[in-house]
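J.: Below: one structure in structure tokens.
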């Protein structure tokens, strides 16, 4: 199990993190995923090593163009 963020000390947040990790490990192949430039920008923030892990997890996911109106 790879953590892309610092584990929370809050039990509910920790449960949500574990659910997210499980989804990425087990359910990701069942879906056609897309991201936007905003996901990439947010994933790039924070601790450099954690950001690098998050960006690596997003590698290969198609990025949608965001219209200026959005």
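Readers should treat all values here as calculations from the given coordinates under stated rules, not as data from a laboratory. Here the structure is a predicted model, which is why all the values come from computation and not from measurement. Every residue, glycine as well, gets a Cβ built from its backbone with ideal geometry; the counts of neighbours run over all protein chains shown.
J.: Under 8 Å for C-alpha pairs, at least 6 residues apart: give me the relative contact order for the chain, rounded to a whole percent.
T.: For the chain, the relative contact order is 34 percent.
J.: Enter the angle in degrees (range 0 to 90, nearest 10) between the Cα long axis of helix 48-58 and the first principal axis of the Cα atoms of the chain, meaning the one along which they spread out most.
T.: Value to nearest ten degrees: 60.
J.: I've got another one for you. Relative to the longest principal axis of the chain, what angle (0 to 90°, nearest 10) does the C-alpha long axis of helix 11-26 take?
T.: Tilt of helix 11-26: around 60 degrees.
J.: A further question follows. Could you list the residues of the stretch 55-70 with an amide nitrogen less than 11 Å from a label point located 7 Å from the Cα of residue 33 in the Cα-to-C-beta direction?
T.: 55-62
J.: Which option, (1) 35, 29, 19; (2) 59, 33, 23; (3) 39, 29, 22, is the value of Cα extents along the principal axes in Å that was calculated from these coordinates?
T.: (3)
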